[in-house]
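Throughout, read-outs are computed from the coordinates displayed, never taken from laboratory work. Small disclaimer: the values here were computed from a predicted structure and weren't measured. All Cβ positions, glycine included, derive from the backbone under ideal geometry; neighbour counts span all protein chains shown.
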């Protein structure tokens, strides 16, 4: 993989991480202990739906597509290759997953034992969990819910020999099948259909058409962007006026993701590359730490801001913008501090990144 493509992956991944944080800043419904703050439809809900339910929804598909591409890059399909890849994923995926899941499990046990902090916890206390629930929380449904991405990635890595065989033998047939599963939102139970499709898409490109990523889209980039924004506007209006168009909303969501991925990928060459400054690149090295550290801290920040202010529409919008900005800067600050003071520990908790 050449330097241009490597930098493109790195830049788009960093942008996607920022989108994920804003996605999780959505606050139309906030649980404060026994109280529930529910915002009425208005300008705040329109803006939040436009970004969190529209723009930001391309982030996860982009991550899985990039992951699939990198996983199978230059793969020949030997058993030793897959063993080596799985061993590497234990370090880069499994260890960070378990570390952060256990850490936040312990932190929650401690915090939930403090009565004054009860306002921040609206669900069942961990102390009341059964043994099965505790095991499930640590290994399958961790408290930092963004870890589901690593969980699915690890499962896809385990399935990689089978996926490679199907991609090599059936090619387009297998890709189309997985696309239909995703587009019609068929529940796969063991992992997200979105993670499977976009991982397969990236893998397919890596195995069969890796040179396609070097294509420059030119003015088509603006066409993809225009279609993407138009679809999101339509979807946002449907949500705002509460029309009963469940199937249409799902269809629009899938289309917006497709055009959103195309728009971001193609606009990079026309905008981001021209604005790039070498001095800014160092912060992109903390993409994974922002991803792994921003939740559940963001939820605490949101609830704290609502608790000390009010639940007006204006305050909802201010918190929607302010909370993720604060959390991103906190993540960068903590990440930089850890990397400078205890670099080996930082690498351990970030999977060597």
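Take the alpha carbon atoms of segment 215-265, find their radius of gyration, then divide it by 2.2 N^0.38 Å using N residues; give the quotient. Walk me through the numbers on the way to the answer.
Values: Rg = 12.4 Å, N = 51, 2.2 N^0.38 = 9.8 Å.
Compared with the compact-globule rule of thumb, segment 215-265 sits at 1.26.
Which length gain, in nm to one decimal place, applies between residue 190 and residue 322 when the Cα-Cα distance is subtracted from 0.36 nm times their residue separation? Please report the intermediate quantities before stating the final value.
Values: separation 132, 0.36 × 132 = 47.52 nm, distance 3.54 nm.
Full-extension gain reported as 44.0 nm.
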Residues in segment 196-234 reached by a label modelled at residue 5 [backbone nitrogen below 14 Å; 7 Å Cα→Cβ]: 202-216
For the chain, calculated [θ]222 nm from helices alone, where every DSSP H run of n ≥ 4 adds -39500 (n - 2.57): -21000 deg cm²/dmol
Gain on full stretching of the segment that runs from residue 136 to residue 314 - 0.36 nm per residue minus C-alpha separation: 60.2 nm
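Find how much the distance from residue 40 to residue 78 grows on full extension, using 0.36 nm per residue of separation minus their present alpha carbon separation; answer in nm with one decimal.
Values: separation 38, 0.36 × 38 = 13.68 nm, distance 5.65 nm.
Value of the extension gain: 8.0 nm.
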Classify segment 25-109: rounded, prolate or oblate, from the alpha-carbon gyration tensor (a ≥ b ≥ c, eigenvalue square roots; a/c under 1.5 rounded; otherwise prolate if a/b is larger than b/c)? oblate
Ratio of Rg to Rh for segment 167-305, alpha carbon only, Kirkwood? 1.01
I need two numbers for segment 64-214: Rg to one decimal and Dmax as a whole number, Cα atoms only, in Å. 18.9, 60
For 122, 67, what's the fewest-to-most ordering of other Cβ within 10 Å of each Cβ? 122, 67
For 254, 124, 136, 211, what's the fewest-to-most ordering of other Cβ within 10 Å of each Cβ? 211, 124, 136, 254
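Return 194, 133 ranked ascending by Cβ neighbour count within 10 Å, so the fewest neighbours appear first.
On the way: 194 19, 133 13.
By the 10 Å Cβ count, ascending: 133, 194.
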Quick check: Cα centre of segment 63-90 to Cα centre of segment 1-21, how many Å? 19
Which FRET efficiency, nearest 0.05, do residue 168 and residue 242 yield, Cβ-Cβ r, R0 51 Å? 0.60
Relative contact order computed over the chain (Cα-Cα under 8 Å; 6+ residues apart), in percent: 30
Expressed in nanometres to one decimal, the distance between label points 7 Å along Cα→Cβ at residue 282 and residue 113 is 4.0
